[in-house]
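The values are calculated or read from the model by the stated rules, or taken from the named source; none is laboratory data. Note that this is a predicted model, so its numbers are computed, not measured. With ideal geometry, Cβ positions are generated from the backbone for all residues, glycine too; neighbour counts draw on all protein chains shown. For the accessible areas, the whole protein counts, side chains as well, though only heavy atoms, and no ligand, DNA or RNA atoms are used. Shrake-Rupley method; radii C 1.70, N 1.55, O 1.52, S 1.80 Å.
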Amino acid sequence: MITATAEQSGYSNNSMTNLFILVLLAPFGVLLASEQNEVQKPGDESPWFCHNLDCPKYSLVKKYETFEVRSYEASRWMTTEVEGRYMNAVSKGFMRLFRYIQGDNEAGQNIPMTAPVAVAVYPTADSTGMGKSHSVSFFIPPAIDPPKPKDARIHTLNVPAGTVYVRSFGGFAMGTTDVDQAKALADDLKTEGLSFDETSFVAAGYDPPFRPINRHNEVWYHEA
């Protein structure tokens, strides 16, 4: 999605967790009323972890013990690039995109929240850390023609249909957690003899911070 340098960043899990929750809790609060009455919509075939939000469409190709192979349809996203330590960068990118869907665009148009919030991550050469360049993306449903952003740092990203390898996990995903999960996925893919783009992975989050249980996170590698 973007070109990044491979500088390793350090984190404090406790402080970064608190920062992440405090920054993201307020904007996601607008979704709380609908979350409290969450019922699967009739005819909605989206996975449970989308929680009635629009998600990119895919079909399951094959399920392994620790990961699955998905075939995704072509999709469109609004994306912004952010520099800095992972949790700070994700918070900045999220807020920038959230303002955009809340009407801070040329049309003054509100766009419904979708899932997941996808972050392109560029691991270090030894796969134990990540660089300081990231891109944060919101999925745009096919029925919506996204208005032009006022913020020049936001742009449209068209992702072609393709195969994605996905590892799922629960809990609160922090930067180091995503790196560890991505490394485990990469190791499993190599064991199975599956080729993938090792230069980056996607950290996909489906839950607001006020959901304490049944959380769903994913890391993705694209087929090479």
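Quick notes on this structure:
- Just so you know, the Rg over Rh for the range 185-224 is 1.13, from Cα atoms, with Rh as the Kirkwood radius.
- Highest mean packing comes first when the peptides 93-100, 105-112 are listed by Cβ atoms within 10 Å, giving 93-100, 105-112.
- Shape category assigned to the range 123-162 from the gyration tensor of Cα positions, a/c cut at 1.5: oblate
- Extension gain for the segment D180 to Y64, taken as residue separation times 0.36 nm less the Cα-Cα distance, is 39.9 nm to one decimal.
- Length added when fully stretched, A143-S168, from 0.36 nm per residue minus Cα-Cα: 6.2 nm
- Measuring how big the range 147-221 is from its alpha-carbon positions, Rg and Dmax come out at 15.1, 46 Å.
- Summed over the residues of the range 134-224 and divided among them, the accessible surface reaches 44 Å² per residue at a probe radius of 1.4 Å.
- Multiplying the residue separation of S195 and I213 by 0.36 nm and removing their Cα-Cα distance gives an extension gain of 3.1 nm.
- Just so you know, the averaged projected area of the alpha carbon convex hull for the range 58-153 sits at 7.7 nm².
- Here the range 101-224 has 49 percent of its accessible surface on carbon and sulfur atoms, given a 1.4 Å probe and all protein chains in place.
- For the range 100-224, diffusion coefficient by Stokes-Einstein and Kirkwood Rh (Cα), 4 °C, 1.567 mPa s, µm²/s: 81
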